[in-house]
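Novice: The structure follows.
The values are calculated or read from the model by the stated rules, or taken from the named source; none is laboratory data. Since the structure is predicted, the reported quantities are computational estimates derived from the model, not experimental observations. Because the Cβ atoms are built from the backbone with ideal geometry, glycine has one as well, and the counts that use them run over all protein chains shown. Just so you know, the surface numbers come from the protein's heavy atoms only, side chains and all, with ligands and any DNA or RNA stripped out. Shrake-Rupley method; radii C 1.70, N 1.55, O 1.52, S 1.80 Å.
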Amino acid sequence: MAALARLQEKLQRLQEEYFLTYRAIDEERKTKYKAAVRIQRWFRACRVRAYLRHLSKMAILIQKWWRGYLRRKYFREIVERAYFIKKLEFYNEMAVRIQKMWRGYYVRKYIHNFSALKRYLEAVSLNNEFVRSELQEYAEMKENEEKMKDLEKKEEEEKYQARKMHYLLSTAQIPGIYNSPLRKSPDPMELLLRKSKPLTHRKQKMGSSLADELYCWPTCEKPPAFVTTLPLLPAPRQKPQGPFRDPGEVLRQRYKPLEPTLRVRESMNSPPAKAREATGREEWRSPIHDNKFLPFSSYHKNAEKYEPSICNSGKYGREAYGTKYFREVNPKKWIADKKVKLAVCAHQPQKQSYAKQLCPELYG
Amino acid sequence: MSLRLAYSAVSGRGCVKISVVCLLRPLLLDVIPSVRQTVALALGRLADHDVEMAEAVVKAGILPQLICLLPEENRYYKKTAAFVLRAIAKHSPQLAQAVVQCGALEMLVVCLEDFDPGVKEGASWTFGYIARHNAELSQAVVDAGAVPLLVLCIQEPEIALKRIAASTLSDISKHSPELAQTVVDAGAIAHLAQMITNPDAKLKRQVLSALSQIAKHSVDLAELVVEAEIFPVVLTCLKDSDEYVKKNGATLIREIAKHTPELSQFIVNSGGVAALIDCIGSCRGTVRLPGIMTLGYVAAHSENLSMAVIVSKGISPLSACLIEEHEDHIKAAAAWALGQIGRHTAEHARHVATANVLPTLLDIFVDTRSSEDLKMKTKKALKNILQKCTYLPALEPLLHDAPPNIMKHVIGQFSKVLPHDSKARRLFVTTGGLKKVQEIKAEPGSLLQEYINTINNCYPEEIVRYYSPGYSEILLERVENYQPVL
């Protein structure tokens, strides 16, 4: 009971302690609660943060690997492309260089070939010089010719004058005009006179005899001269000598009119010629001997029977003459029965055989 | 008596016209051939002398009687009949038409087949006179079958016959390409080409004229003529002593050169240009004209040919022509040819300008006595040359005298060259060109003003102001208004 008494004393104190402790606890409970909440909150936040961090790390990892994979996949293509572009650019540059050089060369050689033009112009000037010199020579030659002609003409004239005036030559007694005694030497004309032959009278022109004139009169083969005198009758003409043919015959032969054959005489466009042409065409189109492709051919086969010609058919069918043999042989008319032996040398066998070949019937 | 009458009519000049013809007409049918012949001669001489007589002869209907029995007549009658026909036909196309209508052409063809060269000459002369007038008559002559016979006539040995036949062929082929082709088809070119070397001058004239009439129509005909190997033989004709041979030779070369650049090239290659230039240098007057035109045609085709003409020393005779000749058409041709030479590139224009041609052209252009055609051609030539000319010393003299439309081009050329060349700028100032430029008045906004501005921009402003007109007055004014600083 003591314990109980003690407990009862303590109970009061306990109640008070209990109340005090529980009031203290109750008062601390809120702060503790708040603190606990705070701590929990902070801890949960940390946890979540860690989790999010983890998540983002994972996401980054995945993306990193994925992107790496993709890039690695396309890297090759990109490198190839870049390489290709670089190559292309290089080639373009080189092509430009080649084209530049080629175009320069081509234009300079074929289109604006300056050196060829220069050479051409030089060649033209050379040729011109040559042509000019040739033409100059030609002109000079012509001039010389003309001068020569003039000189010759003058000389001829002088000579003719000298020949005409030959009588002015000085004689032994009387000096001529050109040989005056006061002169030291005779005039050149005098020398020319001495050299020249005197001119004879012009030969009487063998003028056409009046007979010829009269002959030509009706046909007027010469220009008409006004006849003032009466013409004489013409003398009979001499016949040409020799055994010539009768002129009438000759003329008849020479002037025999042409008589061409009918075919030659006929023109190409005349009706018979055209008709001949037309028949030719007809024949070509439908020749008689062609087997025509007719309908009812079996009918026609029977219809086309062979009919022998009358000439060859003898009493009992075809005659052999004309097909089998061509010559008539009449053994009854032969001279001798025996076969003829020719008197041919034995050591000429070829001849004999030839003879045999020729007449086998005779030699057997 | 009839003979005496006819004889007097032969020498008669002022006879009473129609009555004479009526008197002579019955005598044409006389029995005696010499009477017929004398009557024909009389008619021929009467018709030859006078147009009205010829018309009277035609009206009296004599022509059919004259030629009705021509094939059977002797050669003297044929010659005289041909003489009558040509005396009538030469006056006018209508008379020639009358001659053709009475059936003379067939008879003349019969005459052409005759053996006597005199008859052939008369007949071909008549054909020539008929064909000369116009294309229809030429066609009638060709239709009568005269051309092959004429080509045969050309091959005959007599020179007079060759001359006349060549001149007739020339008259036939000059009208149209078809007629020329007919003449060519008869094989005329080969024979004509052979005759170029003949020494007779008149024959050469006709032959060259015939070839040029054939060649002028088309490229094919010209090529045919060239294929007959006339070059370089034709060049000897250019050195002949006869003026007209030279002229016809130059005409032939001109007709060939004007068609295509290839033909011109061929002519240059065979040295034709040199021969032509010598020919131009040695002749005077209208004889030069075809040569000048040939040079123009050759130079017009391409710049290489133009340079070939320059290299052959072609410019100096042309400029000599411009100065010496009096006739306007020759000067116009020379100006045109120079324009064709100089218009291609700056090089060509420089060669033309250094020959001192531009002032001459300008003088001609400005001269009041020049005809319109000459002025136009000179202006065109100047314009063409100036548009390519960059040789400034030659342009200087033009600055001072030129009229505005030429000045425009001159200033334009200066404005193209000066911005790039400093020495030229200096020269321009020292020779007084800048001063002249300032004195020119131009409408603002016109092309001339632009050129002047371009030139002014090449120089510092003080110089431009210095040379502007009235600058000395401005300076003096400034002196007057100046207040001296004491």
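Novice: Could you tell me the distance between the Cα centroids of the range B:224-292 and the range A:36-62, to the nearest Å?
Specialist: Result: 113 Å between the Cα centres.
Novice: Determine Rg/Rh for the range A:38-91; Rg is computed over alpha-carbon atoms and Rh is the Kirkwood hydrodynamic estimate from the same atoms.
Specialist: Value, to two decimals: 1.54.
Novice: Mind giving me the nanometre distance, one decimal, between the label points for A:Val107 and A:Glu319, set 7 Å out from Cα along Cα→Cβ?
Specialist: Those two pseudo-labels are separated by 10.3 nm.
Novice: Just want the answer: with Cβ charges of +1 for Lys and Arg and -1 for Asp and Glu, which residue in A:Leu182, A:Met141, A:Phe130 is farthest toward the dipole's positive end in the range A:128-196?
Specialist: A:Leu182
Novice: Work out the mean other chain Cβ neighbour count within 10 Å for the residues of B:265-272 and drop it here as an integer.
Specialist: What the average comes to for B:265-272 is 3.
Novice: Sticking with this structure for a sec: Per residue, how large is the accessible surface of the protein assembly as shown? Use a 1.4 angstrom probe and give square angstrom.
Specialist: So the protein assembly as shown comes to 68 Å² accessible per residue, rounded to a whole number.
Novice: Next up: Could you work out the local net charge near B:Leu475, counting Lys and Arg as +1, Asp and Glu as -1, over the other residues with Cβ closer than 14 Å to its Cβ?
Specialist: Surrounding charge for B:Leu475 is -2.
Novice: Right, another one. Could you compute how much accessible area chains A and B hide from each other, both sides summed, with a 1.4 Å probe? Nearest 100 Å² is fine.
Specialist: In total, chains A and B hide about 2200 Å² from solvent.
Novice: Here is a follow-up. Just tell me the longest site-free run in chain B, where the sites are GluC sites (Glu not before Pro) in a DSSP loop having at most 15 other beta-carbon atoms within 10 Å.
Specialist: B:328-486
Novice: With a ≥ b ≥ c taken as the square roots of the eigenvalues of the C-alpha gyration tensor of the protein assembly as shown, please select rounded if a/c is under 1.5 and otherwise prolate if a/b is larger than b/c or oblate if it is not?
Specialist: oblate
Novice: Oh, and also: Would you give the gap between the C-alpha center of the range B:100-131 and the C-alpha center of the range A:169-195, rounded to a whole Å?
Specialist: Here the two parts' Cα centres lie 60 Å apart.
Novice: I want to check the label-to-label distance for B:Leu476 and B:Asn269. Put each point 7 Å from Cα in the C-beta direction and report it in nm to one decimal.
Specialist: 7.2
Novice: Rounded to the nearest 20 debye, what is the charge dipole size of chain B about its Cα centre when +1 sits on each Lys and Arg Cβ and -1 on each Asp and Glu Cβ?
Specialist: 740
Novice: With the cut-off at 25 Å, tell me which of the pairs B:Lys383/B:Lys436; B:Lys79/B:Lys246; B:Lys246/B:Lys375; B:Lys174/B:Lys258; B:Lys204/B:Lys258 have Cα atoms farther apart than that.
Specialist: B:Lys79/B:Lys246; B:Lys246/B:Lys375
Novice: Hey, any idea what % of the range B:404-486's accessible area is carbon plus sulfur with a 1.4 Å probe?
Specialist: Taking all protein chains in place, the range B:404-486 shows 55 percent carbon and sulfur surface.
Novice: Same structure again: List the lysines whose alpha-carbon lies under 17 Å from that of A:Lys274, not counting same-chain residues fewer than 8 positions away?
Specialist: Correct list for A:Lys274: empty, as no lysines qualify.
Novice: A further question follows. Considering the dipole of the protein assembly as shown built from charges on the beta carbon (Lys and Arg +1, Asp and Glu -1) around the Cα centre, which of A:Phe114, B:Gly291, B:Phe115 is farthest to its positive end?
Specialist: A:Phe114
Novice: In addition: Which whole-Hz couplings ³J(HN,Hα) result when phi for each residue of the range A:61-71 is put into the Karplus expression 6.51 cos²θ - 1.76 cosθ + 1.60, θ = phi - 60°, listed in order with x for Gly and Pro?
Specialist: Here the 3J(HN,Hα) series is 4, 4, 4, 4, 5, 5, 5, x, 4, 4, 4 Hz.
Novice: Here is a follow-up. Within 10 Å, at most 14 other Cβ atoms, and a DSSP state outside H, G, I, E, B define an exposed site. Report the longest part of chain B free of exposed chymotrypsin sites (Phe, Trp or Tyr not before Pro).
Specialist: The segment B:116-481 is the longest one with no such site.
Novice: Computed FRET efficiency, Cβ-Cβ of B:Thr354 and B:Ser468, R0 30 Å: what is it to the nearest 0.05?
Specialist: It comes to 0.40.
Novice: Something else: If you take every residue apart from A:Glu129 with its C-beta less than 13 Å away from the C-beta of A:Glu129, what net charge results, scoring Lys and Arg +1 and Asp and Glu -1?
Specialist: Value of the local net charge: -2.
Novice: For the range A:128-196, report the % of Cα-Cα distances exceeding 17 Å.
Specialist: Tail of the P(r) past 17 Å holds 59 percent of the pairs.
Novice: Counting other C-beta atoms within 10 Å, and keeping those with at most 12, which DSSP coil chymotrypsin sites (Phe, Trp or Tyr not before Pro) do you find in the range A:243-287?
Specialist: A:Phe244, A:Tyr255
Novice: Lys pairs in the range A:128-196, Cα-Cα under 28 Å, at least 8 apart or on separate chains: how many?
Specialist: Number of lysine pairs found: 19.
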